[in-house]
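S.K.: What follows is a structure written as structure tokens; I'll ask about it next.
The values are calculated or read from the model by the stated rules, or taken from the named source; none is laboratory data. Everything quoted here is computed from the prediction, not taken from an experiment. Ideal geometry is used to build each Cβ from the backbone, glycine not excepted, and the neighbour counts take in all protein chains shown.
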Amino acid sequence: MKKRVFIIHGWGGSPEDDWFPWLKKELEQKGFEVFAPAMPNTEEPKIEEWVSFLANLVGESDENTYFVGHSIGRQAIMRYMERFDGIKVGGIVFVAGWFNLANLESEEEEKIARPWVETPINLEKIKNSSKKIAAIFSDNDPVVPLNDNEIFKKELGAGIIVERNKGHFNASDGVIELPVALEKILEMSS
């Protein structure tokens with residue numbers, strides 16, 4: 001059975017941004033079927049819209065299904081996974097994933113982020129749904145507190161990788177390739 005990878009961009013992003021096209025191409029060259037969708041209403045992401053969109057896109061998931069989620073994409077993946085009982089996936093890589101946010105620039109941003117931050121997630125269900133989880137952080141991310149990595153490690157059993165000077169892993173931070181994410185998917189799927 002073909003291995004599938006879903007790359008979910010972050011808030012305000014698109015599948016053509018940052019390191020997503022590079023990762024998609026690299027994975028396709030390794031024989032994966034890769035989906036990097038444009039998520040709906042990206043400037044004002046809403047939980048229900050993103051989770052429903054993801055559920056329709058993925059369909060049946062199994063141990064040949066992998067996810068890579070950037071920023072709020074991590075939130076969408078977890079909320080999709082907790083919605084269904086018995087879901088199993090081969091692995092998940094979270095990049096600049098967060099439970100808490102810092103330095104939001106406006107009241108409007110705080111209003112958009114509030115439901116994502118305040119609506120609880122059944123972390124035990126996520127942990128039991130995936131064979132392997134990795135979480136990649138930057139030591140100078142302006143919006144993701146580095147200590148969020150403790151939640152990923154303690155509650156999800158995630159392997160933690162801290163990259164140096166990658167900001168929020170955007171092209172504006174100089175990140176147009178992300179070899180560590182590719183390495184993690186390849187490790188998980190071998």
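S.K.: Is it the case that Arg164 is basic (Lys, Arg), within 22 Å of Lys46 (Cα to Cα) and surrounded by fewer than 16 Cβ atoms within 10 Å (Cβ to Cβ)?
M.R.: no
S.K.: Also: When the residues of the range 31-64 are filtered to those that are closer than 12 Å to Arg4 by Cα and under 14 Å from the mean Cα position of the chain (by Cα), which remaining residue is surrounded by the most Cβ atoms within 10 Å (Cβ to Cβ)?
M.R.: Per the criteria, the residue is Ala36.
S.K.: Considering the range 130-142 alone, what residues qualify as being under 15 Å from the mean Cα position of the chain (by Cα) and either surrounded by fewer than 20 Cβ atoms within 10 Å (Cβ to Cβ) or not in a strand (DSSP E or B) (or both)? Write out each step before concluding.
M.R.: Going through the range 130-142, the residues under 15 Å from the mean Cα position of the chain (by Cα) turn out to be 130, 132-138.
The one that is under 15 Å from the mean Cα position of the chain (by Cα) and either surrounded by fewer than 20 Cβ atoms within 10 Å (Cβ to Cβ) or not in a strand (DSSP E or B) (or both): Lys132.
S.K.: Counting residues that are out of contact with any strand residue (DSSP E or B) (no Cβ under 8 Å at 6 or more places or on another chain), within 18 Å of Phe169 (Cα to Cα) and modelled with pLDDT under 95, which helices (runs of 4 or more DSSP H) fully inside the range 1-100 reach at least 1?
M.R.: none
S.K.: Here is a follow-up. Glu28 - would you say it is more than 18 Å from Lys3 (Cβ to Cβ) and either free of Cβ contacts under 8 Å to residues at least 40 places away in the same chain or of a type outside the set (Phe, Trp, Tyr) (or both)?
M.R.: no
S.K.: Residues in the range 130-147 that are at pLDDT below 95 and under 23 Å from Val89 (Cα atoms): how many?
M.R.: 2
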